[in-house]
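J.: First the structure, which I've put down as structure tokens, then a few questions once you've had a look.
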Amino acid sequence: MAALSVRDLSVRAQGLELVRDVSFEVHSGERVALIGESGSGKSLTAMAIVGLLGRGLSASGEARLGDEDLLGVSERRRCQLRGDRIALIFQDPMTALDPTMRIGRQVGEALRQHRGLSRRQAAEAAVKLLARVEIPDPARYAHSYPHQLSGGLRQRVMMAIAISCDPDVILADEPTTALDVTVQRRVLELLDRLVREEGSALLLITHDLAVVSEMCDRVVTMYGGRVVESGSVESMLTAPQHPYTDALLAASSAVSIDGASGEPLPAIAGSVPAAGQFPPGCPYRDRCPRASQQCTTMPPLEAVGDRTVACWHPVGREEPAAGITTEGTLK
Amino acid sequence: MSGPPAVLEVRSVAKTYDPKRRAGHEPSWALRGVNLSVNEGDTLAIVGESGSGKSTLARIVTALERPTEGSVLYRGETVSGRRERDLRDFRRRVQIVFQDPMSSLDPRMKVHDILAEPLRSLGLVDNEREQVRTLLASVELPDSAAARYPHEFSGGQRQRIAIARALGPSPELLVADEPVSALDVSVRAQILNLLSGLVADLGFTLLFVSHDMAVVRHLCRSVMVLYQGEVVEQGPTDAVFKDPRAEYTRSLLDAAPRIRHRRERGDASS
Amino acid sequence: MVRFAAHRLGILVLSLVGASVLVFGALTLLPGSPAQVILGTQATPQSVHHLTVQLGLDKPLWQQYFDWLHGMVTGALGTSYVSQLPIGTQIWQALQVTGPLVLLGLVIGLVIAIPLGLFGALLQGRATGAVLGAIGQVGLAVPTFVGGTLLIIVFAVEFHVLPASGFPEWSHPGSALKSLLLPAISLGVVEGGIISRYLRTSVLDLLQSDYLRTARMKGLSMGQALRRHGLRNAMLPLVTVGGLELAGLIVGAIVVENVFTLPGIGTLLLTSVNNRDLLVAQDIVMFVSGTVLVLNLLVDLSYRLLDPRLAGRS
Amino acid sequence: MSAQAEPAGASGPAAAVAGTAGSAGPEVVGGPAVGTRRRVRSFSLVAGGLIVALIIVTALVALIWTPYPALAVDPAGRLAGSSGAHLLGTDQYGRDVLSRLMSGARITLYTGFISVLVATAVGIPAGLVAALYGGVVGQAVLRLTDILYGFPALLAAIALSAALGASTTTAMIAIGVAYIPVFVRVTRANALGVLASEYVMAARAYGRRPWAIVRRHVLPNIATTIVVQMCLLFSLAILAEAALDYLGLGTRPPAPSWGSMLQQAQGYLHSDPALSLWPGLAVFVVVLGFSLLGDGLAELFDVRARR
């Protein structure tokens, strides 16, 4: 059974559908990547799953954690599940910790909440957790305040908080984007090890396909608030079918430390529109070199083997129909 | 030194922001003992992580900050430590593009004024409207952009405007401080293409500051690696990437994530 | 921290000296000699001169200034020209009214501000939140003397439940408190309006904060998260304005005492100004500004102690 | 820079009052919330704007016409209640309350104007200097500001009125002076933000000199904050002036200022409470109007800046 199963998840804000009918599953021990550029709705999806959407936003659909629907249960129950069986690591470690509370207490807080540990027990557990996330001198850092820690250390603290109650599912929203490359590498390795040890399901939200390639088993591509493609990491990164995944991959792999220099890069024309400015039908059609008249209606998400793709003209399955524009124009 | 004279030369530059610099007290250096020489038409990358001093160096070579020690020479003439009024000619020849396209454009100015300001300031106005139109065209933006405010544009478009502003005085040296690190992957490619196209067409010298080894590899012919304010490696890009001498350069290259799955088909369709 | 405290202390001393020069200068340059005022218009030039010498007002200005400063520092405030009463005693008695009034006003202000600001922010975007915000806005705009007058009309004139003016001795604590109640309310309403705006802003910031989201992520309910992570953070900005607000309260008290004819510092100040009782006015203005400046210093220091980000720095 | 008492609330009381909900988080999350807020926003703006417009019009009309001369005494018609002839009744000298209120509007606007003028004329340039020059000059400005800061405005006004004699102008100058530090700090803090921005960096790179940058980039970008601040000071100054008049230290009777009207009405609290009510209400409405306007403007500008 899937550890986390999302069905037809939508997020609305005052008439705008920011996330629409998103469905995917994450199994225990599996690492699923949710990819897409900013504005694709991937962070909103994560916040909707844990029920922490901002004011004015509402979610519908289903997000099953085991046999409970996180969107259906009471807020009280959701609080019991959050931090205990599902945890989220945020993008910016600089602001995610309470500046006026010592690290140790912040790390032990979830244990006190869900396991009923005493203050002493929680403090001891916090030191152990800090050691597990490879923070040097954990006893000392437990007494520090967040501003005394570097970004990398703070992100480790966030991870310690996330794993404190051995969650079934860990969501990580761009956990290393704010960090330097060398720090990023070590934090990713730590995340990899923790997820393996815990046997948790991981949903990694990222825009970095290289990270996906190194860490994940499956990939879900989002664009314009919709899932446009999903499949195993091998098939998605070797033979992307949706033109958007294809273009993202092209843009990412052309700029590489192993790559040749000087060649023009494959770029995607235009830019991600603002929320509510996506064209009707396929949200990508304005920027898509394969778009045709047909794309004014939204293509269904069709499953072929382990792949699903929502495109009338998927890459590699058929030649593009005649009469389509070859290049999107800059607006 | 033989061969063509360097466009830009940095001689043992050091910089500290520590106000308590006095005898016996060793300040914390943002930069230390940096030497650098850029030749005409070169594309040089300055690479480093946060705290490496790379942005400080970018500001020192554009005379926006003064080095605590050492000097900066432009075409053989010292510019560091000069008074602002003696820098007019230098200002025309050297321009800079910044990282954040959200804060590098004055939100209260229309694009026309943003692009015309450098021309007005340096006394280069000839036919302002026409000049602005040419600048917009050079970064592939339509004429209609001139009448709009920065917030009406996407991040990539704003970075184009910032580049156009820097191109206004027809600089000989363009310093680009992390110009693509705030952009999405797909837009990043657009801007990189634009930059390399401009370098090819206009022939200016490019000093490209970045933390991203992959981008540097793509864009620049030579590279300099900074670590905690000191130069740890310097050389042609291919050589540095193939055979990094410094331990730190190697760790940078090793740390960069790679796409491990190779495509079946050759190129992307677009 | 020690460096910061020393630095702030330096500023305080400079401010006090600056204030004393201003206060002394302003009131000494007052048109009309005090002796003339005390003796009235019929006094002979000789008797005016005599009194001037007696009061020490013939000395050079700088000497008068240092005499006065010496008195302020040592507490030997001297005697009023007009009432012939020792000034120290007068101020001390007036303080027994003004001090409790300010404190009571502060308490009432907080009682009003905390629910207004907190729920105004929490319910933001809903009708209740907007109403709470509007109440704060209205409270802010009620001048103390208008609010006081209104309270007198309602509670003293119409319903006769509370006294409109006057103050008994503290030997009758019950009735003393009763007569401070209306003035304190009119002070507290304004203060409450102002503080509620600050609180609302800082709670709104808090609600947007990433660390509150982290707390919720751990499974804390909104209430728990606000209690454990919110209060201290939301209170910090309040502390920074605390000094200014106390100053506002003290100055507000001067006006309110006049409305309710309470024998406090404000009344004493106004009486002395109107009677051209130079020395008393000087001393009171100096005393009040000194108090305000010292309070500001204490607030700054406590802010440093409360915020771990600042505590370690100099 | 050495440690300076400048935590979050450095910009003074009015600044924090003006500070609105702050950032609305990530763009998508902020989007919809703006909708609801903008309605509240436009309410503050419209209500404040209307009140302020009303008072300005009243003051202008009072220049050329009031129902009765504001100072015209009518011993026969003392303390008359409201009637067709005297809409708001007459005071203890038989003067028409409405006419006095209308004339009082002029004094009120005048006092606010003088205070704001004094505070801004000194405070803004000083703030710009402090922001531009970190050296001795800037430090000197900051130290002076620190010394003045926190000195209670009304107390300053009382002292000055006592010294120079009760007059509207001296009181207003005192209040204006007391608020100089607020403007220095607000101007400096905002100017520093602009000066640190990359567009100013770019302007320096194409040779713009400091004061040209101030004119072209700093002033346009801090103008909105300053205007909001001015509105708030306007309301505070009106409050302070009314209080001074009430204490008999500001505008002298028989000039029809609202504060002194209120004070004179105090004696008739028991017999004619309405006499206190009108001037009190007038002060309240005007103060509310300016602070609503300030709030509305703050929120309006905030929207634009955020997009």
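The values are calculated or read from the model by the stated rules, or taken from the named source; none is laboratory data. Computed from a predicted model, the values in this text were never measured in an experiment. Using ideal geometry, Cβ is built from the backbone for each residue, glycine included, and neighbour counts are taken over all protein chains shown.
J.: Among the numbered criteria (1) in a loop (DSSP other than H, G, I, E, B); (2) at pLDDT 90 or above; (3) within 13 Å of chain B (Cβ to nearest Cβ), which one does A:PRO299 miss?
T.: Unmet for A:PRO299, out of (1) in a loop (DSSP other than H, G, I, E, B); (2) at pLDDT 90 or above; (3) within 13 Å of chain B (Cβ to nearest Cβ): (3).
J.: Please go through region D:247-277 and pick out each residue that is over 25 Å from the mean Cα position of the chain (by Cα), closer than 17 Å to D:ALA70 by Cα and of a type in the set (Gly, Ala, Ser).
T.: D:ALA265 - this is the single residue of region D:247-277 that is over 25 Å from the mean Cα position of the chain (by Cα), closer than 17 Å to D:ALA70 by Cα and of a type in the set (Gly, Ala, Ser).
J.: Is at least one residue of region A:63-74 crowded, with 16+ Cβ neighbours inside 10 Å, among the aliphatic types (A, V, I, L, M) and assigned to a loop (DSSP other than H, G, I, E, B)?
T.: Yes: region A:63-74 contains one or more residues that are crowded, with 16+ Cβ neighbours inside 10 Å, among the aliphatic types (A, V, I, L, M) and assigned to a loop (DSSP other than H, G, I, E, B).
J.: Any idea which of C:GLY139, C:GLY192 is within 20 Å of the chain's Cα centre (by Cα) and away from chain D (no Cβ under 12 Å)?
T.: Criteria check complete, one pass: C:GLY192.
J.: Between C:LEU212, C:LEU220, which is facing chain A (nearest Cβ under 10 Å), on the phi < 0 side of the Ramachandran plot and outside any helix (DSSP H, G or I)?
T.: C:LEU220
J.: So, one more: Considering every residue within region A:7-21, establish whether at least one is surrounded by fewer than 24 Cβ atoms within 10 Å (Cβ to Cβ), assigned by TED's automatic domain parsing to the domain that holds A:PRO167 and under 29 Å from A:ARG193 (Cβ atoms).
T.: no
J.: Separate question: Answer with yes or no whether D:ALA156 is over 18 Å from C:ILE250 (Cβ atoms) and either buried (at least 21 other Cβ atoms within 10 Å of the Cβ) or in contact (Cβ under 8 Å) with a residue 40 or more places away in the chain (or both).
T.: So D:ALA156 fails the test.
J.: Another one. Return the residue satisfying two criteria in turn: it lies in region A:50-62 and is assigned to a strand (DSSP E or B) and of a type outside the set (D, E, K, R), and of such residues it is farthest from the other protein chains (Cβ to nearest Cβ).
T.: By that ranking, first place goes to A:GLY61.
J.: So which residues in region C:170-190 are under 13 Å from C:THR98 (Cα atoms) and either of a type outside the set (Ser, Thr, Tyr) or exposed (fewer than 13 other Cβ atoms within 10 Å of the Cβ) (or both), if there are any at all?
T.: Within region C:170-190, C:TRP170, C:ALA176, C:LEU177, C:LEU180, C:LEU181, C:PRO183, C:ALA184, C:LEU187 qualify.
J.: Which members of region B:85-114 meet the condition of being among the aromatic types (Phe, Trp, Tyr) and either out of contact with any strand residue (DSSP E or B) (no Cβ under 9 Å at 6 or more places or on another chain) or in a loop (DSSP other than H, G, I, E, B) (or both)?
T.: Correct list: B:PHE98 only.
J.: Can you find a residue in region B:34-44 that is within 14 Å of another protein chain (Cβ to nearest Cβ) and surrounded by 19 or more Cβ atoms within 10 Å (Cβ to Cβ)?
T.: yes
J.: Regarding B:ASP184, is this residue buried (at least 23 other Cβ atoms within 10 Å of the Cβ), in contact with a helix residue (DSSP H, G or I) (Cβ under 9 Å, 6 or more places away or on another chain) and more than 14 Å from chain A (Cβ to nearest Cβ)?
T.: no
J.: Here are A:LEU202, A:LEU179, A:LEU171, A:LEU188: which of them is of a type outside the set (Gly, Ala, Ser) and part of a helix (DSSP H, G or I)?
T.: Residue meeting the stated conditions: A:LEU188.
J.: On to the next question. Looking at this structure, is C:VAL256 more than 22 Å from C:LEU122 (Cβ to Cβ), more than 7 Å from every other protein chain (Cβ to nearest Cβ) and in a helix (DSSP H, G or I)?
T.: The answer is yes for C:VAL256.
J.: Over 21 Å from A:GLY83 (Cα atoms) and in a strand (DSSP E or B), is that true of A:GLY39?
T.: When the stated conditions are applied, A:GLY39 does not pass them.
J.: Right, here's the next one. So C:ASN233 passes all but one of these: (1) within 9 Å of chain D (Cβ to nearest Cβ); (2) among the polar types (S, T, N, Q); (3) touching a residue at least 24 places away in the same chain (Cβ under 8 Å). Which condition number does it fail?
T.: Of (1) within 9 Å of chain D (Cβ to nearest Cβ); (2) among the polar types (S, T, N, Q); (3) touching a residue at least 24 places away in the same chain (Cβ under 8 Å), only one is false for C:ASN233: (1).
J.: How about region A:82-99: which of its residues are part of a loop (DSSP other than H, G, I, E, B) and either under 9 Å from A:PRO167 (Cβ atoms) or polar (S, T, N, Q) (or both)?
T.: Selection gives A:GLY83, A:ASP84, A:ARG85, A:GLN91, A:THR95.
J.: Continuing with this model, one more query. Please specify each residue of region B:80-119 satisfying the condition of being more than 23 Å from the chain's Cα centre (by Cα), over 30 Å from B:GLY70 (Cβ atoms) and within 11 Å of another protein chain (Cβ to nearest Cβ).
T.: Matches in region B:80-119: B:ARG108, B:MET109.
J.: Looking only at residues that are polar (S, T, N, Q) and without any contact (Cβ under 8 Å) to a residue 12 or more places away in the chain in region C:42-78, which one is surrounded by the fewest Cβ atoms within 10 Å (Cβ to Cβ)?
T.: C:GLN42
J.: Do we find that D:VAL116 is within 24 Å of the chain's Cα centre (by Cα) and of a type outside the set (D, E, K, R) in this structure?
T.: In short, yes.
J.: Please work out which residue is farthest from C:LEU207 (Cα to Cα), limiting yourself to region A:53-83 and to residues that are among the aliphatic types (A, V, I, L, M) and in contact (Cβ under 8 Å) with a residue 12 or more places away in the chain.
T.: Selected residue: A:LEU65.
J.: Do we have A:MET222 as facing chain B (nearest Cβ under 10 Å), within 13 Å of the chain's Cα centre (by Cα) and either without any contact (Cβ under 8 Å) to a residue 60 or more places away in the chain or within 23 Å of A:LEU65 (Cα to Cα) (or both) here?
T.: Judged against the criteria, A:MET222 is not a match.
J.: Restricting attention to region A:254-286, which residues are in a helix (DSSP H, G or I) and surrounded by fewer than 24 Cβ atoms within 10 Å (Cβ to Cβ)?
T.: Scanning region A:254-286 gives A:ALA254, A:ASP286.
J.: Select from region D:114-167 the residues that are aromatic (Phe, Trp, Tyr) and either in a helix (DSSP H, G or I) or at pLDDT 80 or above (or both) and list them in ascending order.
T.: D:TYR133
J.: Please work out which residue is nearest to A:MET222 (Cα to Cα), limiting yourself to region A:302-313 and to residues that are at pLDDT below 90 and in a loop (DSSP other than H, G, I, E, B).
T.: Looking at the filtered set, the residue picked out is A:ASP306.
J.: Among the residues of region B:212-222, is any among the polar types (S, T, N, Q), more than 17 Å from B:LEU44 (Cα to Cα) and either part of a helix (DSSP H, G or I) or modelled with pLDDT of 90 or more (or both)?
T.: no
J.: Sticking with this one: From the residues in region C:259-274 that are in contact (Cβ under 8 Å) with a residue 24 or more places away in the chain and of a type outside the set (A, V, I, L, M, F, W, C), which one is farthest from the other protein chains (Cβ to nearest Cβ)?
T.: C:PRO263
J.: Separate question: How do the pairs read when you match residues in region C:143-157 that are under 14 Å from C:GLU191 (Cα atoms) and facing chain D (nearest Cβ under 8 Å) with residues anywhere that are crowded, with 24+ Cβ neighbours inside 10 Å and of a type in the set (Lys, Arg), using Cβ under 8 Å and keeping only pairs 6 or more apart or on different chains?
T.: Sorted first by the residue in region C:143-157, then by its partner, the list stays empty.
J.: Among helices (runs of 4 or more DSSP H) lying entirely in region D:196-307, which contain 2 or more residues that are surrounded by fewer than 21 Cβ atoms within 10 Å (Cβ to Cβ) and within 14 Å of chain C (Cβ to nearest Cβ)?
T.: Answer list for region D:196-307: D:258-266, D:273-306.
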